[in-house]
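Peer 1: Once you've had a glance at the structure underneath, I'll fire off some questions.
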């Protein structure tokens with residue numbers, strides 16, 4: 001049975017004067033918390049390009065802030081006015097000094113970004129964003145924690161999950177509609193006003209002061225977002241802020257498309273592209289030896305220039321796959337060759353790997369046309385939107401979709417010789433013979449890699465020398481980190497994660513008061529449960545991205561599915577007598593073992609329908625069991641806010657441990673999660689009345 005707010009040891013929050021009932025406040029606060037977290041990740045990433053490569057940087061700051069806010073809720077004397085103030089300041093600072101970064105690379109990892117650095121350096125802006133995200137999210141979390149103190153444990157957790165689902169669904173709906181950030185700002189502002197501006201049992205001066213503290217910074221934010229949203233060159237896709245600019249070069253019209261502050265691609269007439277950069281026609285020379293291709297598949301079709309080149313080379317039909325609907329639509333409207341309007345072209349908004357897994361069609365040429373997403377998948381550290389396109393298994397899938405005499409090719413600005421050799425050796429491993437490798441000599445190292453279904457199906461201008469002693473092995477679906485040169489975690493990540501953990505330790509100690517760690521000490525098992533759950537969520541996101549595509553729709557479904565599984569665990573625990581914790585731990589470890597025994601590579605061989613059913617069962621069984629364990633344990637805690645805060649801070653640790661996948665792969669995260677859950681089991685309190693001998 002759930003424990004109510006009168007449980008001894010529970011820290012009671014000061015009274016919150018609001019006309020809303022506690023359940024309504026809790027749902028609204030939780031929805032605001034999730035919506036604001038997603039909006040911060042999207043908006044900051046679109047204006048601070050460093051965050052394209054540290055997408056879970058804001059996520060980790062959010063977890064820290066949420067944990068601190070929950071811990072503060074029992075001792076705070078005022079509503080968290082600091083949250084809207086910090087939000088307004090953060091938006092104003094980033095709008096004043098947006099960041100585009102140079103095309104930098106280190107010896108261990110490559111970042112594909114723009115040419116010049118503007119705005120604050122990385123060591124200034126990233127700490128600002130991290131701390132600001134923590135402070136901003138601490139406010140809604142504090143409101144959530146106040147509601148937890150007024151409700152039975154599982155009842156509060158239930159409404160928290162419902163609010164979180166509403167926040168995800170709301171943000172996903174706006175992404176589907178392509179809504180600009182002004183709508184995010186309006187929704188956040190209205191939510192803060194409803195929750196934090198009192199309308200009863202308060203003096204007029206107090207109400208006016210509350211309104212000023214909430215509205216002034218948020219109106220600044222809304223003004224900044226309104227200006228950004230109404231610029232004619234700006235539009236928003238589910239992945240990027242997309243900007244367009246028309247220009248001319250030698251009398252030829254150019255449409256430059258910039259995403260998240262980085263020049264991404266140009267829509268240029270196909271004839272001009274081939275004249276200026278003949279390498280774009282090289283796959284057709286190497287692949288078909290003068291023969292016109294029949295069916296062509298282009299992955300990363302973008303604004304349509306590569307499609308127009310294929311048509312100019314005589315393609316009878318082109319399947320153009322592009323993951324970003326906004327970029328495709330810009331190409332459809334403004335590409336000078338009108339390639340998407342050609343009856344020989346069929347466009348598909350999809351992930352390239354997922355498209356291959358769902359089609360039985362055979363192609364004379366499959367082309368990866370500069371598929372460089374410039375961003376990481378939210379919530380999945382170091383997994384880029386195109387990561388699963390460049391693994392050995394992906395190349396083998398492309399091979400299996402080639403018609404007799406067909407070929408597979410790719411081109412891009414690879415910047416490093418070892419990266420070109422890695423891709424070429426991956427093609428060699430998948431096809432069984434050396435590919436053609438053509439390099440265009442400049443600092444950017446543009447290269448074209450072409451490999452025929454058989455060696456007779458390609459015509460190389462020169463022989464590729466082969467992989468060198470320093471060439472990394474092919475990327476795999478388990479470790480799809482194409483741009484990672486070493487088999488170690490880069491020092492840049494290690495330093496960043498170390499600073500994050502130190503900031504977390506200091507932040508909890510300061511903001512939560514001197515008693516924070518003492519209050520959380522009995523809930524070390526809940527801390528480890530939070531870390532393990534974060535790894536399970538990451539494994540689910542990456543697994544479903546491989547099985548069904550790295551699209552924003554798949555990610556949203558997985559995030560929502562995880563919350564539904566957690567909510568189901570809470571409802572089962574509330575309504576039914578569940579097995580003891582020991583039994584549920586057995587179920588949890590059984591689910592982890594099931595995930596290990598039946599890896600994603602096995603699921604990929606199944607038809608899409610059965611694949612979805614089995615994937616859901618395998619992914620969500622351990623998540624369900626873990627949250628039944630959490631719900632049962634959370635019910636019996638003496639201090640609800642401290643125990644919940646410990647669990648959330650554990651999730652922050654789990655977010656840092658995600659980077660272990662760079663070494664052990666995503667499957668290895670199951671082992672790390674199992675170790676964390678084993679620790680939680682050992683630290684869980686013994687049932688009352690059990691005698692030790």
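The values are calculated or read from the model by the stated rules, or taken from the named source; none is laboratory data. Fair warning: this is a prediction, and the values are worked out from it, not measured in the lab. FYI the Cβ positions are ideal-geometry reconstructions off the backbone, even for glycines, and counts take in every protein chain you see.
Peer 1: Condition check: crowded, with 24+ Cβ neighbours inside 10 Å and under 30 Å from residue 67 (Cα atoms). Does residue 622 satisfy that?
Peer 2: Working: crowded, with 24+ Cβ neighbours inside 10 Å: yes; under 30 Å from residue 67 (Cα atoms): yes.
Answer is yes for this residue.
Peer 1: Considering only residues that are without any contact (Cβ under 8 Å) to a residue 24 or more places away in the chain and closer than 20 Å to residue 561 by Cα, which ones fall in region 599-614?
Peer 2: Within region 599-614, 609, 610, 613, 614 qualify.
Peer 1: Name the one entry in 549, 591 that is on the phi > 0 side of the Ramachandran plot, crowded, with 19+ Cβ neighbours inside 10 Å and not assigned by TED's automatic domain parsing to the domain that holds residue 324.
Peer 2: Unique residue meeting the criteria: 549.
Peer 1: Something else about it: Search region 355-370 for residues being surrounded by fewer than 22 Cβ atoms within 10 Å (Cβ to Cβ) and within 23 Å of the chain's Cα centre (by Cα), and hand back the single one that is modelled with the lowest pLDDT.
Peer 2: As a first pass, look at region 355-370 and keep what is surrounded by fewer than 22 Cβ atoms within 10 Å (Cβ to Cβ): 355-362, 370.
Filter again for within 23 Å of the chain's Cα centre (by Cα), leaving 355-357, 370.
On the way: 355: 94, 356: 94, 357: 90, 370: 82.
Checked region 355-370; the qualifying residue modelled with the lowest pLDDT is 370.
Peer 1: Residues of region 419-469 being surrounded by fewer than 16 Cβ atoms within 10 Å (Cβ to Cβ) and closer than 25 Å to residue 479 by Cα, which ones?
Peer 2: 429, 432, 433, 466, 468, 469
Peer 1: Name, by its number, the condition in (1) in contact with a strand residue (DSSP E or B) (Cβ under 7 Å, 6 or more places away or on another chain); (2) within 18 Å of residue 387 (Cβ to Cβ); (3) surrounded by 21 or more Cβ atoms within 10 Å (Cβ to Cβ) that does not hold for residue 416.
Peer 2: Of the numbered conditions (1) in contact with a strand residue (DSSP E or B) (Cβ under 7 Å, 6 or more places away or on another chain); (2) within 18 Å of residue 387 (Cβ to Cβ); (3) surrounded by 21 or more Cβ atoms within 10 Å (Cβ to Cβ), the odd one out for residue 416 is (3).
Peer 1: Here is a list: 496, 486, 463, 538. Which entry is under 17 Å from residue 654 (Cβ atoms) and out of contact with any helix residue (DSSP H, G or I) (no Cβ under 6 Å at 6 or more places or on another chain)?
Peer 2: That would be 496, the only listed residue that is under 17 Å from residue 654 (Cβ atoms) and out of contact with any helix residue (DSSP H, G or I) (no Cβ under 6 Å at 6 or more places or on another chain).
Peer 1: Could I ask something else about it? Right, residue 614: at pLDDT 90 or above, under 26 Å from the mean Cα position of the chain (by Cα) and farther than 15 Å from residue 673 by Cα or not?
Peer 2: Numbers: at pLDDT 90 or above: yes; under 26 Å from the mean Cα position of the chain (by Cα): yes; farther than 15 Å from residue 673 by Cα: yes.
The answer is yes for residue 614.
Peer 1: Also, I was wondering about something else. All but one of (1) on the phi > 0 side of the Ramachandran plot; (2) without any contact (Cβ under 8 Å) to a residue 12 or more places away in the chain hold for residue 466; which doesn't?
Peer 2: Going through (1) on the phi > 0 side of the Ramachandran plot; (2) without any contact (Cβ under 8 Å) to a residue 12 or more places away in the chain one by one, residue 466 breaks only (2).
For every residue, the table says whether it meets (1) more than 30 Å from residue 308 (Cα to Cα); (2) in contact with a helix residue (DSSP H, G or I) (Cβ under 9 Å, 6 or more places away or on another chain).
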residue: 208; (1), (2): yes, no
residue: 227; (1), (2): yes, yes
residue: 240; (1), (2): no, yes
residue: 260; (1), (2): no, yes
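Peer 1: Please enumerate the residues belonging to region 73-87 that are assigned to a helix (DSSP H, G or I) and surrounded by fewer than 24 Cβ atoms within 10 Å (Cβ to Cβ).
Peer 2: First, the residues of region 73-87 that are assigned to a helix (DSSP H, G or I): 82-87.
82, 85, 86, listed by residue number.
Peer 1: I would also like to ask the following. Pairs under 8 Å by beta carbon, first residue not assigned by TED's automatic domain parsing to the domain that holds residue 179 in region 38-57, partner surrounded by fewer than 23 Cβ atoms within 10 Å (Cβ to Cβ) and modelled with pLDDT under 90, six or more apart or different chains?
Peer 2: none
Each row is one residue, and each column tells you yes or no for (1) surrounded by 21 or more Cβ atoms within 10 Å (Cβ to Cβ); (2) modelled with pLDDT of 90 or more; (3) in contact with a strand residue (DSSP E or B) (Cβ under 8 Å, 6 or more places away or on another chain); (4) closer than 26 Å to residue 476 by Cα.
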| position | (1), (2), (3), (4) |
| --- | --- |
| 663 | no, yes, no, yes |
| 667 | no, yes, no, yes |
| 672 | no, yes, no, yes |
| 679 | no, yes, no, no |
| 687 | no, no, no, no |
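Peer 1: Of the numbered conditions (1) touching a strand residue (DSSP E or B) at 6+ places or on another chain (Cβ under 7 Å); (2) touching a residue at least 12 places away in the same chain (Cβ under 8 Å), residue 247 fails exactly one; give the number of that condition.
Peer 2: Going through the list (1) touching a strand residue (DSSP E or B) at 6+ places or on another chain (Cβ under 7 Å); (2) touching a residue at least 12 places away in the same chain (Cβ under 8 Å), residue 247 breaks only (2).
Peer 1: Residue pairs, Cβ under 8 Å, 6 or more apart or interchain, first in region 209-234 and within 17 Å of residue 136 (Cα to Cα), second part of a strand (DSSP E or B). List them.
Peer 2: none
Peer 1: Can you find a residue that is within 16 Å of residue 265 (Cα to Cα), under 31 Å from the mean Cα position of the chain (by Cα), outside the structural domain of residue 610 (by TED's automatic domain parsing) and in a helix (DSSP H, G or I) anywhere in region 333-344?
Peer 2: Yes: one or more hits.
Peer 1: With the checklist (1) at positive phi; (2) in a strand (DSSP E or B) in hand, flag the one item residue 450 doesn't pass.
Peer 2: That leaves (1) as the condition not met.
Peer 1: Sticking with this one: Of all residues in region 260-285, which are more than 23 Å from residue 345 (Cβ to Cβ) and surrounded by 18 or more Cβ atoms within 10 Å (Cβ to Cβ)?
Peer 2: 260, 261, 262 - these are the residues of region 260-285 that are more than 23 Å from residue 345 (Cβ to Cβ) and surrounded by 18 or more Cβ atoms within 10 Å (Cβ to Cβ).
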